[in-house]
Amino acid sequence: MKPQIAFSCCHNPTVHQDGWEVLGPHFYVYSDYIRPIVELGGAPLIIPVLRDEDYYRDSMRNAQGLVLVGGGDINPFLFGRNVEKNIGKVNPDMDYGEMEMAKIALEMNIPILAICRGIQLLNIVAGGTIHQHIPDNIPDAYNHSTHFPPATLAHWVTVDPNSLLFRIVEKEKIAVNSNHHQAVSKVGQGAVVCGRADDGVIEAIEMPQKKWVLGVQWHPEIIWRRNEDHRKIFEAFVKASLS
């Protein structure tokens, strides 16, 4: 039987972020997140964001894994910081819903794959913080918010040889795409850094005491078909969700 993989869900109250007109509030997940899970043996369980803790517990009761998807910025109030000048739009409903899902998944000890915004949210749930705008906090950092085509490889990530990520990709350096202006800062409790860009920006974290938890700052769902390193991430996640 295929493992049921829960997906967090983007929420837009009025207009799609790409400018499309819509009839009203809507939930959505980009198909790029769904396809690798389905094609590699998982069954997607899309969970809309609502402000109801019991709803999330009921919805995730049978989930065997969780994917935290990418999206907009996270409210700095949730990690004890004031709003800085270059933060983008935030979505309180999405923040609340994804934090509930992450907390429940950690309690259930099911595999978690957290992508882009997802790694930041996972770190906040663990008690960590994020850089609200990399150029303001790390002046010598690369431009991580590239305007390249999404599948374009942009920089290298050095992988900790003692990490889950290394056991998956079996390499000490992997090339990644890059489209983010925020990043993990103080690492949360139970999490460890397992990948960094050459400029020091944290690109991957994991939780060794949990069954299988990996957060990546790049977008493997866009490049998994053409790049074996990123395909292996999804393969390992689905396999962990089966066990």
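The values are calculated or read from the model by the stated rules, or taken from the named source; none is laboratory data. The structure presented is a predicted model; accordingly, all values stated were derived computationally and were not measured. Cβ coordinates were reconstructed from backbone atoms using ideal geometry, including for glycine residues, and neighbour counts include every protein chain displayed.
Could you list, in sequence order, all residues of region 45-64 that are touching a strand residue (DSSP E or B) at 6+ places or on another chain (Cβ under 6 Å) and farther than 17 Å from Val125 by Cα?
Quick first cut of region 45-64, residues touching a strand residue (DSSP E or B) at 6+ places or on another chain (Cβ under 6 Å) only: 45-49, 60, 62-64.
Correct list: Leu45, Ile46, Ile47, Pro48, Met60, Asn62, Ala63, Gln64.
Could you tell me which of the residues Ile119, Ile110 is at pLDDT 95 or above, part of a loop (DSSP other than H, G, I, E, B) and surrounded by 20 or more Cβ atoms within 10 Å (Cβ to Cβ)?
On the way: Ile119 fails: part of a loop (DSSP other than H, G, I, E, B).
Just one listed residue meets the conditions, Ile110.
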Residues in region 28-56 that are modelled with pLDDT under 95, over 18 Å from Ile115 (Cα atoms) and surrounded by 15 or more Cβ atoms within 10 Å (Cβ to Cβ) total 3
Scan region 122-156 for residues that are closer than 20 Å to Ile205 by Cβ and either part of a loop (DSSP other than H, G, I, E, B) or among the acidic types (Asp, Glu) (or both) and jot them down.
Ala126, Gly127, Gly128, Thr129, Gln132, His133, Ile138, Ala141, Tyr142, His144, Ala154
Pull up region 80-101, narrow it to residues that are of a type in the set (A, V, I, L, M, F, W, C), touching a strand residue (DSSP E or B) at 6+ places or on another chain (Cβ under 9 Å) and not in a loop (DSSP other than H, G, I, E, B), then point me to the one that is farthest from Ala63 (Cα to Cα).
Val90
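Just checking, which of Val192, Val159 is more than 24 Å from Arg81 (Cβ to Cβ), at pLDDT 95 or above, touching an Asp or Glu at 6+ places or on another chain (Cβ under 7 Å) and of a type in the set (A, V, I, L, M, F, W, C)?
Numbers: Val192 fails: more than 24 Å from Arg81 (Cβ to Cβ).
From the options Val192, Val159, the qualifying one is Val159.
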Of the residues Lys171, Lys210, only one is assigned to a loop (DSSP other than H, G, I, E, B) and under 18 Å from the mean Cα position of the chain (by Cα); which?
Lys210
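Within region 201-243, can you find the residues that are within 14 Å of Asp32 (Cα to Cα), of a type outside the set (Val, Ile, Thr) and buried (at least 21 other Cβ atoms within 10 Å of the Cβ)? Spell out the reasoning first.
Just the residues of region 201-243 that are within 14 Å of Asp32 (Cα to Cα), to begin with: 218-226, 230-231, 234.
With of a type outside the set (Val, Ile, Thr) added as a condition, the list becomes 218-221, 224-226, 230-231, 234.
If the condition is that a residue be within 14 Å of Asp32 (Cα to Cα), of a type outside the set (Val, Ile, Thr) and buried (at least 21 other Cβ atoms within 10 Å of the Cβ), then Trp218, His219, Pro220, Glu221, Trp224, His230, Phe234 are the ones that fit.
Which of the residues spanning region 103-117 are of a type in the set (Val, Ile, Thr), in contact with a strand residue (DSSP E or B) (Cβ under 7 Å, 6 or more places away or on another chain) and more than 11 Å from Leu68 (Cβ to Cβ)? Please lay out each step first, then the result.
Narrowing region 103-117 to residues of a type in the set (Val, Ile, Thr): 104, 110, 112, 115.
Subset that is in contact with a strand residue (DSSP E or B) (Cβ under 7 Å, 6 or more places away or on another chain): 110, 112, 115.
Residue satisfying the conditions is Ile110 alone.
Among the candidates Val213, Val201, Val169, Val192, single out the residue that is of a type outside the set (S, T, N, Q) and under 21 Å from Asp73 (Cα atoms). Step through it out loud before you land on a result.
Values: Val213 fails: under 21 Å from Asp73 (Cα atoms); Val169 fails: under 21 Å from Asp73 (Cα atoms); Val192 fails: under 21 Å from Asp73 (Cα atoms).
Just a single option satisfies the conditions, and that option is Val201.
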